[in-house]
Amino acid sequence: MKHYDCKYYLSTDVFKGICKRDKKFINADDDACENYMNAQKCKYCSNFTLTSDELGTCMNKYEAYPEMNAVTCNDFKN
Amino acid sequence: MENNHKSSEVLPDNYNYYGTRPQGGFQDREVKKPPSIRAEKARTMYLETKSSASVEFPYWYTRRWEELEGEIPIIRRAEALKSGFAHLTPAVLPGELLAMRKANYLRGSYPMPWLSEAFFLSKEDDLYKEAQKAGKASADEATTMGQGGGNVTESSGNVISIAGKFGLRKEEMPILIKTAKRWLNRSVDDVGHKYEQLVPGYDTKEEIMRAVICMFDSGYTLPQGREVINYYYPLQYGIEGIKKICRENQANVAGFPEMDRLYFYKGVHTMLEGLQTWILNYSKEAHLMASLENDQVQKSEYLEIADRLERLSESRPDTFHDALQLVWIFHVAVLNEDAISGLSPGRLGQVLYPYWKQDMNKGILTREKTIELLECMRVKFTEIDCFASMGVVGGVLSGNTFNNLCIGGLDKEGNSAANELEMLILESAISCDTPQPTLSLLFDEKLPEEFLLKGVECTKIGTGYPAWVNNRVAMEFLLNNFRKEGMQSEEARAWAIGGCLETSPGSWMPLELNGETYFIPGGSAPATSVGVHFISLPKVLEAVLFDGLDKRTGRRVYPPHGVELDTYEKIWTIFKHYFSLTVEVLTLTNNIQHDIWGKVSPSLINSMLKPDCLATGKDISHKGSRYNRTFNVEICGGVNLANSLSSLKKNVFDEKTMTLDVLRTAIESNFGYLSALDTGAYSLTDQVKSADYKAWLRIHKLCLDAPKYGNDDKYADDIFREWQLWFSKMCENYKSLYDEPLYSCQISVSTHAPMGAVTLATPDGRLCGTTFADGSVSAYPGSDKNGPYALFNSATCYNHALSQNSQLNMKIHPSVVMGREGSRKFLEMIKAYLRKGAFHAQFNIVDSRMLRDAQKNPADYRGLMVRVAGFTQYWVELGKQIQDEVIARTEYEQLG
Ligand code: SF4
């Protein structure tokens, strides 16, 4: 598990960001800490079906990708 | 055989200096003031952040667009924008006083495939290969991108570099390709391309682009920008108030002729719903950040942000802080609508003054708090990136986005418009020096001396702002061009600079605040610099000398003229012919691109803001703005053209010191030097001789010694004036999409680098591949020998009001303007130039030796900024072509 996938990760650029809990700078691809929680991403949504490593579908209808942030998606379902 | 001898045999030791070459260690700029702790932290974070692209906005935009197949384009566009905004991931950072940004990343931006889908595709992709075949790819090849700072120049780990600037997470690339492919044959670029091919002479246009005689197309690259935004409607009505206007107008026009008005109002309403969700998502995020925060001060700041955003998602502001936040929201909203450079906040200090004054009178705001807010605003503007191809983002923009804030000028009644808030804007620009927003001081004799001296104090910090711009010249230009659309003197005073230096029309709108009415200025025209984007004049002259060929590639660009060039007049005549041919075909093809843009991807957000779109129900592509004569012809390399014509006239025809054939061969032999493209050095002084340089020494010296513009030399200045008068007149022979004549525009931005890179040596002695003179009236580096006042006389040898702008860059050693005495001398010099009828001057107050050191040790100079041509940029984010040119500019060691 990486910071990049964590709910508390606030990215400032494609390489790094800030932990929303302690405000420290962290690298996106470094290992997460014990407070890790899954970010709201398409890959954790029950509407999402993975079709290849980096692509999938949403509700079997739309192209989608697993890493997409979904905090703003009203249809996100765990 | 190559040797290491530089150009010293033809150039004197003090070539790039006026006055005595400085000795000893290099001198830093005069003392600076530190910013607030908060702004310093924000700026430090910015400096450590890389330009980053994301896919979420284009993904959601495209997904919604596809769902609405068959819907009216403007409604489709509105729904797509609504979806894009509503799905942007919010990010609120610790210490922020102003929230919201373009995308989730701090320097975030994203591709806009609805404009053009091909250039950002991975190199393996077939689409990319197709894009490379087109002439427009040539500008990318001629461009060098800055190698430091926030540019992601190489792919590494999970990050892919796009256009040498933007980082994209590797896992987002497949969906980006998929999303881009959805726009194949549907983007503005593709649809426009289909129809522009119907223009007679289209093949010539392709060759013009391939030769980089023209830098880039207009309609799908940066269809908006180089204009002044207008914040009036959100400030006066709030978002719910504007929605109400839309609903009322919808009811009034539904079923009546000119039905497009109905769809426009519906579209604006829909788009605003998306903006409201976007703002509320940020409010929710601020609440989340507050819930995770233990520090009580920071927690309350997050909660204030949350409350402020919730209020502003519906209502008009009534405090300075709220007004500034709302202004920022709409600025970013417009930037997210299309790829845009040069969306200027305009006279922001005058727009916000009513709020500031009332807050100060109520005792709820202090000067210190104001400065802190303004410093934070500076960092926010500096965060703005524009996602575009390397040719555009590097070759034209140098990574800059030209958000120009103007101060001074006149108010509606014709009195000085400078105010106390503008003094604080200057103060915050001194304490928190950042590239954005750049400042322009609209000089008028009515401005108070104290204000002007504050401007000088700011210019002296060395970042190149404020630029000094002549209010009266701009008003004359505007009245000449917009009187037909009803402009009177009173409204001409509302102007400001859009983009780096584009004179843009404005209007006064009545803002009501707590029972008082204030007339605030704002932009009232769409992009004022679209149409023909940058014609390389030296490259056109090269084609004249070589019978229509691009001599670098051997390709035919223009029909052969077949004329024996045995008089100077024949050269000048053929030049005018080729130049006219270029303007004609580019005007027609770009008109089509802009027409397609307006049809398939019209502006909703910017249209809504611009008077009188909301009143008339017409968007900016349908002449909804108050002023619409906004297409222009931009050129680059005018001074090299004049110097080259001067050399031709003098050497070949007047004094017959060489034949034209000999000169042609000398040009092809690069006067015995290696090409700058081989040596990687782009200024004249750093060129390396080849084995046979002696064979060309005499010829080269004669070319260098021919009369040069910038010395108050009648011979060269007459040629320059003849070009200027002809150019400004000939533009009027061509009509824009809106059936209005074009006008001339003379800024180089960064195009003098890539355009120089593809141009052979020129008859003025400039060598192959080296950068042209910047701006439009700056002397070629090192060629101005007679001091600043001689340069001013040359620059004002024609009426600057004939053109949208003129641009003069000067480099002055810091010791020359030291102290209060230095400031006064400096101000007198600026005034002397502007009083001669000049439009603009800007200054690098810097020791060139420091720039050389910065080139060698970039890590020591992350915060160093220089003025390029109408904009200020971090040194380390400039390409070497531009760095070399800035170093080479004549350094003035004295002002007299
Ligand atoms: S419903 Fe939303 S979160 Fe779930 S897969 Fe679709 S887009 Fe992603």
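The values are calculated or read from the model by the stated rules, or taken from the named source; none is laboratory data. In this text, all values refer to a predicted model and were calculated from it rather than measured experimentally. Heads up, the Cβs are rebuilt from the backbone with ideal geometry, glycines too, and the neighbour counts pull from every protein chain shown. Calculation scope for accessible area: heavy atoms of the full protein, side chains included, ligands and nucleic acids excluded. Shrake-Rupley method; radii C 1.70, N 1.55, O 1.52, S 1.80 Å.
For this structure, a couple of remarks:
- Test for A:LYS77: is it open to solvent by 60 Å² or more (accessible area, probe 1.4 Å) and closer than 29 Å to B:GLU154 by Cα: no
- Checked against the criterion of being within 21 Å of the chain's Cα centre (by Cα) and not in a helix (DSSP H, G or I), the range B:246-255 has no qualifying residue.
- Of all residues in the range B:683-713, exactly one satisfies the criterion of being acidic (Asp, Glu), at pLDDT below 95 and not in a helix (DSSP H, G or I), namely B:ASP692.
- Among the residues of the range B:62-82, those that are open to solvent by 10 Å² or more (accessible area, probe 1.4 Å) and within 29 Å of the chain's Cα centre (by Cα) comprise B:ILE74, B:LYS82.
The rows are residues; the columns are (1) without any contact (Cβ under 8 Å) to a residue 60 or more places away in the chain; (2) assigned to a loop (DSSP other than H, G, I, E, B); (3) more than 13 Å from B:LEU537 (Cα to Cα).
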position: B:ASP717; (1), (2), (3): no, no, yes
position: B:PHE720; (1), (2), (3): no, no, no
position: B:VAL749; (1), (2), (3): no, yes, yes
position: B:LEU760; (1), (2), (3): no, yes, no
position: B:CYS768; (1), (2), (3): no, yes, yes
position: B:ALA773; (1), (2), (3): no, yes, no
position: B:SER776; (1), (2), (3): no, yes, no
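- Residue check, B:GLY146 within 14 Å of chain A (Cβ to nearest Cβ), open to solvent by less than 20 Å² (accessible area, probe 1.4 Å) and modelled with pLDDT under 90: no
- Of the numbered criteria (1) closer than 30 Å to B:LYS299 by Cβ; (2) touching a Ser or Thr at 6+ places or on another chain (Cβ under 9 Å); (3) more than 10 Å from chain B (Cβ to nearest Cβ), the one A:LEU50 fails is (1).
- Contact map, the range B:44-58: first residue in contact (Cβ under 8 Å) with a residue 60 or more places away in the chain and at the interface with chain A (Cβ under 9 Å from one of its Cβ atoms), second residue part of a strand (DSSP E or B) and aliphatic (A, V, I, L, M), Cβ cut-off under 8 Å, separation 6 or more or different chains; pairs are B:SER52/B:LEU168; B:ALA53/B:ILE162; B:ALA53/B:LEU168; B:SER54/B:LEU168; B:VAL55/B:LEU168.
- Scope the range B:85-109; condition assigned to a strand (DSSP E or B) and more than 10 Å from chain A (Cβ to nearest Cβ); matching residues: B:SER109
- When the range B:408-422 is limited to residues that are surrounded by fewer than 18 Cβ atoms within 10 Å (Cβ to Cβ) and not hydroxyl-bearing (Ser, Thr, Tyr), the one that is nearest to B:ARG367 (Cα to Cα) turns out to be B:GLU420.
- In the range A:26-39 there is no residue matching the filter, namely being touching a Lys or Arg at 6+ places or on another chain (Cβ under 6 Å) and near the ligand (Cβ under 8 Å from one of its atoms).
- Sole residue being of a type in the set (Val, Ile, Thr), within 30 Å of B:GLN350 (Cβ to Cβ) and under 29 Å from the mean Cα position of the chain (by Cα), chosen from B:ILE279, B:ILE305: B:ILE279
- Complete set of residues in the range B:268-285 that are within 14 Å of chain A (Cβ to nearest Cβ) and polar (S, T, N, Q): B:GLN276, B:THR277, B:ASN281, B:SER283
- Qualifying residue in the range B:296-310 (condition: of a type in the set (A, V, I, L, M, F, W, C), over 20 Å from B:GLU375 (Cβ atoms), in contact with a Lys or Arg (Cβ under 8 Å, 6 or more places away or on another chain) and more than 14 Å from every other protein chain (Cβ to nearest Cβ)): yes
- Residue count, the range A:45-74 (criterion: near the ligand (Cβ under 8 Å from one of its atoms), open to solvent by 40 Å² or more (accessible area, probe 1.4 Å) and touching a strand residue (DSSP E or B) at 6+ places or on another chain (Cβ under 8 Å)): 0
- Matching residues, the range B:179-195, being among the acidic types (Asp, Glu) and surrounded by fewer than 22 Cβ atoms within 10 Å (Cβ to Cβ): B:ASP190
- Within the range B:819-875, considering residues that are modelled with pLDDT of 85 or more and polar (S, T, N, Q), the one nearest to B:MET475 (Cα to Cα): B:GLN842
- Filter result (more than 30 Å from the chain's Cα centre (by Cα) and in a loop (DSSP other than H, G, I, E, B)) within the range B:340-387: B:GLY363, B:ILE364, B:LEU365, B:THR366
- Residue list for the range B:347-376, filter: of a type in the set (A, V, I, L, M) and either without any contact (Cβ under 8 Å) to a residue 24 or more places away in the chain or open to solvent by 10 Å² or more (accessible area, probe 1.4 Å) (or both): B:MET360, B:ILE364, B:LEU365, B:ILE371
- From B:CYS731, B:CYS797, residue being touching a strand residue (DSSP E or B) at 6+ places or on another chain (Cβ under 8 Å) and either under 30 Å from B:ASP686 (Cβ atoms) or touching a residue at least 40 places away in the same chain (Cβ under 8 Å) (or both): B:CYS731
- For the range B:722-747, the candidate set comprises residues that are in contact with a helix residue (DSSP H, G or I) (Cβ under 6 Å, 6 or more places away or on another chain) and part of a loop (DSSP other than H, G, I, E, B); within that set, the residue that is most open to solvent (accessible area, probe 1.4 Å) is B:LEU737.
- In the range A:1-27, the qualifying residues are those that are more than 8 Å from chain B (Cβ to nearest Cβ) and among the aliphatic types (A, V, I, L, M), and the one that is surrounded by the most Cβ atoms within 10 Å (Cβ to Cβ) is A:ILE26.
- Hey, B:ALA474 within 23 Å of B:ARG347 (Cβ to Cβ), aliphatic (A, V, I, L, M), open to solvent by less than 10 Å² (accessible area, probe 1.4 Å) and part of a loop (DSSP other than H, G, I, E, B) or not: no
- Considering the conditions (1) modelled with pLDDT under 95; (2) within 16 Å of the ligand (Cβ to nearest atom), A:ASP5 is excluded by exactly one of them, (1).
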